[in-house]
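Okay, structure first, notes after.
Each reported figure results from applying straightforward, stated rules to the coordinates on display, with no laboratory input. Just so we're clear, the structure is a prediction, and the values are computed from it rather than from any experiment. Here Cβ is always computed from backbone atoms with ideal geometry, including for glycine, and neighbour counts include all displayed protein chains.
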Number of protein chains: 2
Amino acid sequence: MILTVTLNAALDVTYGVDSLRPRTSHRVDTARERAGGKGVNVARVLAALGHESAVTGLAGGPTGTLLRDGLRTAGLRDELVTVSGDSRRTLTVVSRDDGDATVFNQRGPRVSPGEWKTFTEHFASLVRDATVVALCGSLPPGLPSDAYAQLVRTATGAGAVTVLDTSGPALLDALGAGPDVVKPNAAELADVTGSRDVPAAAERLRALGARTVVASSGPEGVHAATPQGAWRAVPPKQLAGNPTGAGDACVAALAAGHATGAQWPDILREAVALSAAAVPCPVAGDFDAGTYRRFRTAVSVEEVHAAHTH
Amino acid sequence: MILTVTLNAALDVTYGVDSLRPRTSHRVDTARERAGGKGVNVARVLAALGHESAVTGLAGGPTGTLLRDGLRTAGLRDELVTVSGDSRRTLTVVSRDDGDATVFNQRGPRVSPGEWKTFTEHFASLVRDATVVALCGSLPPGLPSDAYAQLVRTATGAGAVTVLDTSGPALLDALGAGPDVVKPNAAELADVTGSRDVPAAAERLRALGARTVVASSGPEGVHAATPQGAWRAVPPKQLAGNPTGAGDACVAALAAGHATGAQWPDILREAVALSAAAVPCPVAGDFDAGTYRRFRTAVSVEEVHAAHTH
């Protein structure tokens, strides 16, 4: 079983409007809601690929109830832990005239030390049945900055492979616990290392404790720095669209690849194909099956020898 | 008792962001929620003025539950009728850098004929104890276009004064039932009559059945066409700010004036003072007590003889 963790789970709301014009009133023509947060989106992709998964993390309040209803609708196994605060919403306003999206992210409910303790106990019990744990997204207010380090240690101790997709201090503070894979995008990687040289920055995160770094560069593919060497995987064609969905699909492929014991070049091929297949879909967690089928045999994966410098 | 009716009650949500930039992601620093919809805002103003009131209308789903929690918090009497659909949200995004507001209005849940019948029965029972009924805002999908006409007839039959604040077809279709007061703003009045001449357009709505038309022109005050003559009431100073709040405060003053049996010039003085006092407040239903106190003795009310032409 692949366990996905979303500590700041959200209800993703999408408003359709004619055209977004600041300082005016808009009539919302369509309002769609679905369970979200990166780990939930990863679980959706895993379910579509036929992998057994479970969703854990924190949710609460009336928004948490809607979110859990959404998990049930999607057929995802709900292992969320209830908190007293109201879960956050993320709102995406999509303009019909140009398809452009404007996003509003709430911070999430404050989590108490007692709620965090309850979660870590539930996580320790779940992780015993997990081959891979995907830890995804931001930390809600109130959590210790080493929250992901704690979870990585617990998962590693239980024999699970850990895949971590977060940014900033939450990423930096987790490296010491030795996550198996971290998946920053190029901007997040530059943010935590201060370097825009992707291979050098990836090696820097490895030096800080990550076993493998898979850095995604949007339509240009991924660079992977692993204990077995470094690779660059590039899609056959660049697609424009939804970068959030692409990141979550990439994490799903990394988790699925480890669950099935695949080799790095094959894992990266899948990761780039699934990411590219998610880009045309407006909602994270979806991917276009046709694009995925065509791209998975057409992604080029090349070993990068220059990155073996440390 | 003054009964306020909000058929499309809403949860009013306000997001605070640094600056609204289309096509980017925003972190929402503050997210406030409160019960809203025009009639709920009118009831808040009435409560602050010490008038006994009750809130009826339609609400449902998880958003309806939050809305009703908000009525309780505000100490307002909840006489809403439950519908199966989820109540709408209205979202106002306020930029910290310039204070500008961008508004997103959902349409509201579809109401079934059975739910409408249940509402009209509850309304008929409530209206027996009401001296004034304020009917406010848009109609949710599924209601007959003469919904307000039906309610005006029931209220008038029970001996209550009716004050109607709506626009478009919902306003036009109600006029035949003879509402005592309708309060369009200048744009709404032009929309239904095709005329930008406020006194002439107001007389036209009277000819269609409204006994009195109070047309609000934002900071320029109101024009009232009544069976006793026409008046123009102008605030001593023009304030810029929140026009929604001003309209709801105006309706509250019209309802309160009729509940206490005041004369038109005095009612209009109060209506303009309360509207002006609502303008500086970011949230509809609030007003600035100091502005109200200063303005209520300083509003000029003049009889308009030219309007006596029909």
Among A:GLY209, A:GLY221, A:GLY36, determine the one that fluctuates most according to a GNM of chain A built with springs between C-alpha atoms less than 10 Å apart.
A:GLY209
Of the candidates B:VAL161, B:TYR148, B:GLN238, the farthest towards the positive dipole end of segment B:120-258 (Lys/Arg Cβ +1, Asp/Glu Cβ -1, centred on the Cα centre) is B:GLN238
Ranked by Cβ crowding within 10 angstrom, fewest neighbours first, how are B:HIS258, B:HIS26 ordered?
B:HIS26, B:HIS258
Kindly count the pairs of lysines across the protein assembly as shown whose alpha carbons are less than 27 Å apart, treating pairs on different chains or eight or more residues apart as eligible.
10
Here FRET efficiency (C-beta to C-beta, A:THR260 to B:THR30, R₀ 60 Å, nearest 0.05) is 0.85
DSSP bridge pairs, chain A: antiparallel proportion in percent, nearest 5
45 percent
Sort A:TYR148, A:TYR15 by Cβ crowding within 10 Å, fewest neighbours at the top.
A:TYR15, A:TYR148
So if we plug the beta-carbon distance of A:ASP191 and B:THR73 into 1/(1 + (r/R0)^6) with R0 = 35 Å, what FRET efficiency do we get, rounded to 0.05?
0.30
Sticking with the crude label model, points 7 Å out along Cα→Cβ, report the distance from A:LYS237 to B:ASP129 in nm, one decimal please.
6.8 nm
Can you list the residues, at least 5 places off or on another chain, whose amide H is less than 5 Å from the amide H of B:LEU164, using H built in the peptide plane?
B:LEU135, B:VAL181, B:VAL182, B:LYS183
Residue of A with Cβ nearest the axis relating A to B, plus distance in whole Å?
A:PRO62, 2
Under 5 Å between amide H atoms, partner at least 5 residues away or on a different chain: which partners does B:ALA9 have, H built in plane at 1.01 Å?
B:LEU58
Using 1/(1 + (r/R0)^6) with R0 = 51 angstrom and r between the beta carbons of B:THR297 and B:SER84, what's the FRET efficiency to the nearest 0.05?
0.55
Highest-MSF residue in chain A out of A:ALA262, A:ALA276, A:ALA249 [GNM, Cα springs under 10 Å]:
A:ALA262
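Counting only DSSP beta bridges with both residues in the protein assembly as shown, what percent are antiparallel, rounded to the nearest 5?
In the protein assembly as shown, DSSP labels about 40 percent of beta bridges as antiparallel.
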With θ taken as phi - 60° and the coefficients 6.51, -1.76 and 1.60, list the Karplus ³J(HN,Hα) couplings across segment A:158-167 in order, rounded to whole Hz; mark glycine and proline as x.
8, x, 8, 7, 10, 10, 10, 10, 8, 9
To the nearest 20 debye, what is the magnitude of the charge dipole of the protein assembly as shown about its Cα centre, counting +1 on the Cβ of each Lys and Arg and -1 on the Cβ of each Asp and Glu?
100 debye
Relative to the Cα centre, what is the charge dipole magnitude of chain B, using +1 at the beta carbon of each Lys and Arg, -1 at the beta carbon of each Asp and Glu, and rounding to the nearest 20 debye?
220 debye
